[in-house]
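To start, the structure under review is shown below, and the notes come after it.
Please treat every number below as a calculation from the coordinates, not as lab data. Nothing here was measured: the structure is a model prediction, and the numbers come from that model. Note that each Cβ is placed from the backbone with ideal geometry, even for glycine, and that neighbours are counted across all protein chains shown.
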Amino acid sequence: MNIAIIGSGNIGSTLARGLSKSGHQIYLGTRHPEDEKIKNLIRENNNIEALSVSEAAQRAEVIIIAAPPDATKDIVHHMGDVKGKILIDTMNSVRTKAGDFVSSAEALRVWTGNNDVVKCFNTTGFNIMANPDFSGIKADMFMAGSSKKGKEIARQLALDMGFDECYDFGGDDKIPLLEQFAFIWINLAINQNLGRDIAFKLLKK
């Protein structure tokens, strides 16, 4: 699958590395392709290419956005027309927001005119995304959105990253709930000093 990842920070680079190792072609949308961190990422992974945000978005079937929420409008402007593509939003409105919208996913739907937007990869740290295995027990991932096709792809990409399952929180109306769930991880990991090596697992009897 051709996947654009917009954002080359910890989340973006971790997803790029993991998904490229699963055989996906990754187009890393960045303003700084000459950054040494990006060069090293490309050298270590044959399936990753650094492009402008516009080029990456236009080449891809799926676009993963891993950036601060207040960069959403600028990213949408540079991506161009992305109707017909799947948009996966990893962002949480912790320090900044996407305008006056409840979530960055809602902003993406409005500003792109694309309803195939899914929130995913937002409920644990990049270190867990790099390796979700806890001594043989794999962490779970979670998603929300009203796009059936988008959630099918998000789930598959979560499994490709090594998560045990990707559970569905519900439609677009549940995206704020999923962000609140992410705040639980942030509270435990950072505020309660449990550290970043924690993740969620859904247990069933």
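Observations on the model:
- Over 20 Å [Cα-Cα, segment 2-191], rounded percent: 50
- Per-residue ellipticity at 222 nm computed for the chain from its helices equals -10500 deg cm²/dmol, with DSSP H segments shorter than 4 residues left out and the rest contributing -39,500 (n - 2.57).
- Qualifying trypsin sites (Lys or Arg not before Pro) in segment 2-71, where qualification requires a DSSP coil assignment and no more than 16 other C-beta atoms within 10 Å, comprise 31.
- Relative contact order of the chain, defined on C-alpha pairs under 8 angstrom at six or more residues apart (%): 17
- For segment 156-205, the convex hull spanned by the alpha carbon atoms encloses 112 Å³ per residue.
- DSSP beta bridges in segment 1-156 [antiparallel fraction, %, rounded to 5]: 15
- Applying 1/(1 + (r/R0)^6) with r as the Cβ-Cβ distance of residue 165 and residue 131 and R0 = 25 angstrom yields a FRET efficiency of 0.90.
- Unsatisfied cross-links (Cα-Cα over 24 Å) in the set 151/201; 37/174; 148/174; 97/204; 37/148: 37/174; 97/204; 37/148
- For segment 1-48, GluC sites (Glu not before Pro) meeting the loop criterion (DSSP other than H, G, I, E, B) and having at most 14 other Cβ atoms within 10 Å: 34.
- The trypsin sites (Lys or Arg not before Pro) of segment 84-165 meeting both criteria, a DSSP state outside H, G, I, E and B (loop) and at most 10 other C-beta atoms within 10 angstrom of the site's C-beta, are 95.
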